[in-house]
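Inspection log for the structure reproduced underneath, given as structure tokens.
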Amino acid sequence: MPLYYFHVREGSAGLLSDPEGSHLPDLAAARKEAVEGARQLISAAVLTGEPLGLGREMQVDDEDGTTLLTLRFRDVIDQGDN
């Protein structure tokens, strides 16, 4: 199974790296994982009263460090199960 890394880009603050990654069957599963991860981070911000950080992005890289997709946090709100 391919290994995918889920990094969070915080604009000018840089990249928060995922050092471990996750083994998933394909890019569709990685996209779903990225959506869920972004939603969890947004939810945590709501619960703690922190800024939502909707300008952040989830960057999914493969084992070689190639970026396969970038998902904006603002795009994961109200998408149903996508």
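Look at (1) more than 9 Å from the chain's Cα centre (by Cα); (2) at pLDDT 95 or above and you find that ALA38 fails only one, number (1). Cβ-Cβ contacts under 8 Å between residues 6 or more apart (or on different chains), taken from a first residue in the range 66-78 that is free of Cβ contacts under 8 Å to residues at least 24 places away in the same chain to a second residue that is of a type in the set (Lys, Arg), are listed as ARG72/ARG56. Within the range 50-65, if we keep just the residues that are free of Cβ contacts under 8 Å to residues at least 12 places away in the same chain and either more than 18 Å from LEU3 (Cα to Cα) or touching an Asp or Glu at 6+ places or on another chain (Cβ under 6 Å) (or both), the residue that is surrounded by the fewest Cβ atoms within 10 Å (Cβ to Cβ) turns out to be PRO51.
Output the residues belonging to the range 24-82 that are of a type in the set (Asp, Glu) and at positive phi. Of everything in the range 24-82, just one residue is of a type in the set (Asp, Glu) and at positive phi, namely ASP78. Just need a number here: residues in the range 41-82 that are more than 13 Å from the chain's Cα centre (by Cα) and aromatic (Phe, Trp, Tyr). Residues in the range 41-82 being more than 13 Å from the chain's Cα centre (by Cα) and aromatic (Phe, Trp, Tyr): 0 in total.
Put simply, of ALA28, ALA34, ALA38 the only residue that is surrounded by fewer than 18 Cβ atoms within 10 Å (Cβ to Cβ) and assigned to a helix (DSSP H, G or I) is ALA28. Picking from residues in the range 1-35 that are touching a residue at least 12 places away in the same chain (Cβ under 8 Å) and under 11 Å from ARG56 (Cα atoms), the one that is farthest from the chain's Cα centre (by Cα) is GLY11.
The residues on offer are VAL8, VAL60, and the sole one that is touching a helix residue (DSSP H, G or I) at 6+ places or on another chain (Cβ under 6 Å) and either of a type in the set (A, V, I, L, M, F, W, C) or outside any helix (DSSP H, G or I) (or both) is VAL60.
The values are calculated or read from the model by the stated rules, or taken from the named source; none is laboratory data. Keep in mind that this is a model prediction, so the values were computed, not measured. So basically every Cβ, Gly included, is an ideal-geometry build from the backbone, and we count neighbours across all protein chains shown.
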